[in-house]
Amino acid sequence: MDKTTDNFALATVPSDVRPIDEQSDEALALAVGRGDEQAFEQIFYRHRKRVARLAGRFFNRHEKIEEIVQEAFTKMYAAIGNYSAERGQSFAAWLARIAINSCYDELRRMRRRPEGSLDDITTDEMAWLASQSRPRNAADNSESIVILRDLAAKLLARLAPEDRLILTLLDGEDKSVVEIAQAMGWSVSKVKVRAHRARQSLRRVLEEYI
Amino acid sequence: MLWKKNNPNRNDQLDRVGRLLIESSRASEEEIEAATTSPALFERIRASRAGGASGTINNRGVNNRAVDIWAADTWTAPLAIAWRAIPALSLVTIIALALWLGAKGGPPESSFDKAMTGADIINSEPIASEPIARVTACSVATKEECAVSTDDAVAILVSAAAKEANR
């Protein structure tokens with residue numbers, strides 16, 4: 001199939017069921033840089049889930065996740081000229097970096113506009129926290145999971161955005177210190193120091209209840 | 001408290017709960033699915049690109065650029081406030097200055113002056129300018145030669161009324 005036929009096929013297939021094109025991310029990124037709308041659409045449908053999953057690490061409501069996906073792809077489009085595969089970074093890693101930064105920006109915005117209702121810890125949540133003082137007590141049923149999710153949102157909102165970002169990437173995404181440093185554009189030592197401080201901050205928050 | 005901070009078991013316990021919370025804070029698969037399968041998502045991205053790379057379109061289709069400016073880093077927030085406050089304050093200052101200069105052009109006449117000069121309350125234009133200036137000056141003087149007797153005042157009033165009648 002030549003390129004013209006291929007583009008025609010892309011244009012005629014409905015966007016939500018379009019099969020993944022055989023072109024590499026890097027080739028598509030170059031095409032997006034030249035203003036190719038089809039290539040941008042292809043990249044979007046190829047990577048939207050990955051970006052949403054990353055955003056879902058920080059935010060658990062689909063509206064917020066959608067907002068992050070939107071922001072990340074908009075920023076990606078604006079910065080596509082800066083992407084170069086020759087620098088040794090894959091397109092997926094580059095896009096993940098943009099998505100992480102979008103999440104970080106949103107965490108900082110939320111910190112400046114805190115939601116009052118998040119401050120109130122319910123009786124159930126207090127009971128769950130109290131039960132954690134006993135050894136080997138984890139979220140083992142669906143009720144606990146629901147309580148835990150709301151509680152996590154409330155308690156993690158008390159952390160500084162940097163602390164929350166680092167802890168989520170370390171413990172939630174299982175990223176290494178080097179990977180976080182690359183993603184954030186920080187030095188490795190800065191990530192280590194911040195991670196140490198972040199753990200201390202989370203301990204201080206939890207000590208109020210446990 | 002000191003015991004709590006230095007106890008490694010205590011720290012381990014807190015770290016374990018912390019990890020559990022971080023793990024639990026993630027969105028469910030349904031939420032992620034709902035976010036990515038939103039039919040208008042791609043169109044919104046397209047609109048947001050058209051609206052400017054720095055501005056974002058929120059879920060209601062409203063451009064968030066103004067919000068972004070106000071919610072920027074803490075050091076830029078005062079600049080954003082100054083950006084609007086300085087022109088507003090300048091405008092207020094200019095208006096106040098203009099009013100003050102306008103008022104300075106003619107000093108207000110006191111009610112006593114009006115009574116002495118016979119100026120009409122409704123039409124505040126004085127009847128005669130020369131005698132008014134003299135009388136007004138003398139009316140506030142304390143010197144003997146400048147003092148105006150009651151007879152003089154009545155004479156002035158009568159003459160002013162006569163002039164008015166002749167008009």
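Below, the figures for the structure above:
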| read-out | value |
| --- | --- |
| Gain on full stretching of the segment that runs from residue B:93 to residue B:167 - 0.36 nm per residue minus C-alpha separation | 22.1 nm |
| Per-pair calculated FRET efficiency, R0 = 51 Å: residue A:36 and residue A:113 via Cβ, rounded to 0.05 | 0.85 |
| Exposure of residue B:19 as accessible area (Å², to 10), given a probe of 1.4 Å and all protein chains | 110 Å² |
| Efficiency of FRET from Cβ geometry, residue B:79 and residue A:178, R₀ 45 Å, rounded to 0.05 | 0.80 |
| Accessible area buried between chains B and A, both sides summed, probe 1.4 Å, in Å² to nearest 100 | 4600 Å² |
| Flagged links, alpha-carbon separation over 26 Å, of A:49/A:192; A:75/A:175; A:154/A:175; A:75/A:154 | A:49/A:192; A:75/A:154 |
| Rounded FRET efficiency, nearest 0.05, which uses the C-beta distance separating residue B:100 from residue A:61 and R0 of 41 Å | 0.15 |
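The values are calculated or read from the model by the stated rules, or taken from the named source; none is laboratory data. All values reported here derive from a predicted model rather than from experimental measurement. In this analysis, Cβ positions are derived from the backbone assuming ideal geometry, glycine residues included, and neighbour counts consider all displayed protein chains. Quick note on the areas: whole protein, heavy atoms, side chains included, nothing else; ligands and nucleic acids left out. Shrake-Rupley method; radii C 1.70, N 1.55, O 1.52, S 1.80 Å.
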